[in-house]
Amino acid sequence: MVSLALDQVGARYGRREILSNSSTPPIEGGALTALVGANAAGKSTLFRRIAGQLRGAGTVHIRGAEQADLRYMPQDTAMSAALTVYESIILALKQGGGGWRLSARELAAVDDVLDRFGIAHLSERQLPELSGGQRQAVSIAQTLVTRPKVVLMDEPTSALDLYRQYEILEALRRYARETGAVMILALHDLNQVMRSCTTTLALACGRVVVTGPTLEVLTPAMIRQLYGIDSRVERCSQGCPMMIVDGPAATTVGA
Ligand SMILES: Nc1ncnc2c1ncn2[C@@H]1O[C@H](COP(=O)(O)OP(=O)(O)OP(=O)(O)O)[C@@H](O)[C@H]1O
């Protein structure tokens, strides 16, 4: 089983400390984990620290996988190269080296992500011609084509329409279940989080304030602390938990 835990992790840009004293229990693979928090709380910074792109205090413990098995999909991915979608996924597959000849297994891996994320019909399209949502789906396919065991995705659904959000989150859940990968997704839509993510990690002002089962973390009190918003969490007629926004809290975050 793959797991990831933070032990007193910090991170800084130059002299500016952004992240401090952040610890979590082991986050197990096989299901989706959400990373939530307000703008500038430090979500991308935490991802960069886990991915080894930033230095800082503390330790990131990864069990059951190597650092080489980790993939980080940043918020904005450049898609300006004159490549087709298919070529770009091969390029992502071959980034670890190994020559340009593709084995039958590698070809199957490319076809798998094209199908899994609903972009097979875009295979021959040039990257710069894609829409924002199409680019995001391609970026997800590029990230997962090597079948990584630890996956960090920064707002992977931000450019997707309602149907594609649902479809891609379901595909990511299936990927986690099949591979046992630890998958942490930074998400702003808390209803998506409640529907799709088993565990939630909440970040406020550069610190992980709580990690646990999603519905235990996303209480109205925590949502107020994180976002300065008064809300209710209620069950819809089909029993799914939903967050209903009432409005700005009287005292807002950091005030
Ligand atoms: N390269 C950088 N150099 C210096 N400061 C940075 C850099 N990147 C981010 N920051 C600062 O670090 C803080 C946290 O930014 P970060 O991008 O991690 O937030 P976030 O939670 O991902 O926000 P958002 O939800 O808006 O994407 C912000 O104050 C930001 O200005």
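Points worth noting:
- Filter result (away from the ligand (no atom under 16 Å from the Cβ), crowded, with 21+ Cβ neighbours inside 10 Å and closer than 24 Å to A38 by Cα) within the stretch 169-193: L169, L172, V182, M183
- Enumeration of residues in the stretch 10-25 that are farther than 19 Å from G52 by Cβ and either hydroxyl-bearing (S, T, Y) or without any contact (Cβ under 8 Å) to a residue 40 or more places away in the chain (or both): R15, R16
- Test result for P248, over 21 Å from the mean Cα position of the chain (by Cα) and crowded, with 16+ Cβ neighbours inside 10 Å: no
- Any hit, the stretch 106-118, residues being within 18 Å of G132 (Cα to Cα), out of contact with any Leu (no Cβ under 6 Å at 6 or more places or on another chain) and surrounded by fewer than 15 Cβ atoms within 10 Å (Cβ to Cβ): no
- Meets criteria (more than 16 Å from the ligand (Cβ to nearest atom), assigned by TED's automatic domain parsing to the domain that holds D7, of a type in the set (A, V, I, L, M) and more than 14 Å from the chain's Cα centre (by Cα)) for A68: yes
- Test: residue in the stretch 61-75 that is of a type in the set (K, R) and out of contact with any strand residue (DSSP E or B) (no Cβ under 6 Å at 6 or more places or on another chain): no
- Failed condition for S158, given (1) in a strand (DSSP E or B); (2) in contact with a His (Cβ under 8 Å, 6 or more places away or on another chain): (1)
- A221 meets the conditions (1) within 22 Å of E28 (Cα to Cα); (2) without any contact (Cβ under 8 Å) to a residue 24 or more places away in the chain in every case but one. The failed one is (1).
Rundown of residues vs (1) among the small types (G, A, S); (2) not in a strand (DSSP E or B), yes/no style:
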| position | (1), (2) |
| --- | --- |
| N191 | no, yes |
| L203 | no, no |
| V209 | no, no |
| A250 | yes, yes |
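- Close contacts from the stretch 34-49, counting a first residue that is in the same structural domain as V208 (by TED's automatic domain parsing) and in contact (Cβ under 8 Å) with a residue 60 or more places away in the chain and a second that is of a type in the set (V, I, T) and within 6 Å of the ligand (Cβ to nearest atom), with Cβ to Cβ under 9 Å and a gap of 6+ residues or different chains, come to G42/I18; T45/I18; L46/I18.
- One residue stands out in the stretch 21-46 among those that are β-branched (V, I, T) and not in a strand (DSSP E or B): the one that is nearest to the ligand (Cβ to nearest atom), namely T45.
- When each of R49, R63 is tested for being charged (D, E, K, R) and either within 13 Å of the ligand (Cβ to nearest atom) or touching a helix residue (DSSP H, G or I) at 6+ places or on another chain (Cβ under 7 Å) (or both), the lone residue that passes is R49.
- In this entry, A81 is excluded by the filter for residues that are crowded, with 18+ Cβ neighbours inside 10 Å, more than 26 Å from M222 (Cβ to Cβ) and away from the ligand (no atom under 16 Å from the Cβ).
- Which listed residue, of T77, T84, is assigned by TED's automatic domain parsing to the domain that holds P213, hydroxyl-bearing (S, T, Y) and more than 15 Å from A186 (Cβ to Cβ): T84
The values are calculated or read from the model by the stated rules, or taken from the named source; none is laboratory data. Remember, it's a predicted structure, so these values are computed and weren't measured experimentally. Glycine gets a Cβ as well: all are built from the backbone with ideal geometry, and neighbour counts include every protein chain shown.
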